[in-house]
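So the structure is just underneath, and the comments pick up after that.
Every number here is computed from the coordinates shown, using simple stated rules; none is lab data. In this text, all values refer to a predicted model and were calculated from it rather than measured experimentally. Cβ: placed from backbone, ideal geometry, glycine included. Neighbour counts: every protein chain shown.
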Amino acid sequence: MSDKISLIDTHFHLDKYQNHSSLYELMNINHQYTLCVTCSPGVFLSCKKLYPETKYVKFALGVHPKEITDPEKSIHEFNICLHQAKYIGEIGLDYSGASPSRDIQLNVFRHIIKQQAERNMLATIHVKKAEEDLITVLGEYPSSKRIIHWFSGSSIQMSTLLSQGCYFSINASMAQSESGKKRIAMIPKDRILIESDGPYSKVDGKRYTPEKLTDLYRTVGCALQVNNLEEIVYRNFLNILSQ
């Protein structure tokens, strides 16, 4: 790997760590390009107030589907914060377990995706048991700046999302199960990105922290049987930013 290539993490929850201040410093010191996603506009504003964005650490404006309680309020707060954001996430659809209703989620998600497409903003997207609705909404507002995070849908759904221009981010938990290995093997190399989804993923059985980013790349690289994953991800990230 070239010394000039820094590692990239496209989906990390800084606010979910008690020692977030030290992790923020660590990511900057280690030159780890990190997109810190948020689950609500309020958390986004708090992060922006606590920490200046740097060359390596950026914050994304999110509305997680599981955290929508008042759809009108979520849309209003998203709209207020939008002018402060360069990136969007975590957003999406989730029909698993106890969630807001399908109609509520679709209403909020469709609004956000429309804004994302019109502004050509990079977005990282959550989807669980809602892949068909996701495909429908993304098709209504085409964009090539979308990352599907921790995908668990079918190969046919993956093919459709690829045809819509989506990229897919992979974490170590996905690469450490047989079903996960089969799924990530189907992703074209030019659409692969890396995420930690810290603190919700594990590397070698331990909860992810930014010190483990190199190990994360090693784990995913072994699963994909590639020895230049850093270069692949770096090139792909430059490509998605340039869309």
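Side notes on the structure shown:
- Scanning region 62-111 for residues that are of a type in the set (A, V, I, L, M, F, W, C) and either part of a helix (DSSP H, G or I) or out of contact with any helix residue (DSSP H, G or I) (no Cβ under 6 Å at 6 or more places or on another chain) (or both) yields I75, F78, I80, C81, L82, A85, A98, I104, L106, V108, F109.
- For beta carbons closer than 6 Å, sequence separation of 6+ or different chains, a first residue in region 220-241 that is without any contact (Cβ under 8 Å) to a residue 12 or more places away in the chain and a second that is part of a helix (DSSP H, G or I), the qualifying pairs are G221/L229.
- Any hit, region 19-30, residues being surrounded by 17 or more Cβ atoms within 10 Å (Cβ to Cβ) and touching a Leu at 6+ places or on another chain (Cβ under 6 Å): no
- Top-ranked residue in region 219-236 [being among the polar types (S, T, N, Q) and not in a helix (DSSP H, G or I); ranked as farthest from I5 (Cα to Cα)]: Q225
- Selection within region 138-173: residues that are of a type in the set (V, I, T) and without any contact (Cβ under 8 Å) to a residue 40 or more places away in the chain. The member of this set that is nearest to I240 (Cα to Cα) is I148.
- Scanning region 182-197 for residues that are buried (at least 16 other Cβ atoms within 10 Å of the Cβ) and either polar (S, T, N, Q) or part of a helix (DSSP H, G or I) (or both) turns up R183, I184, R191, S196.
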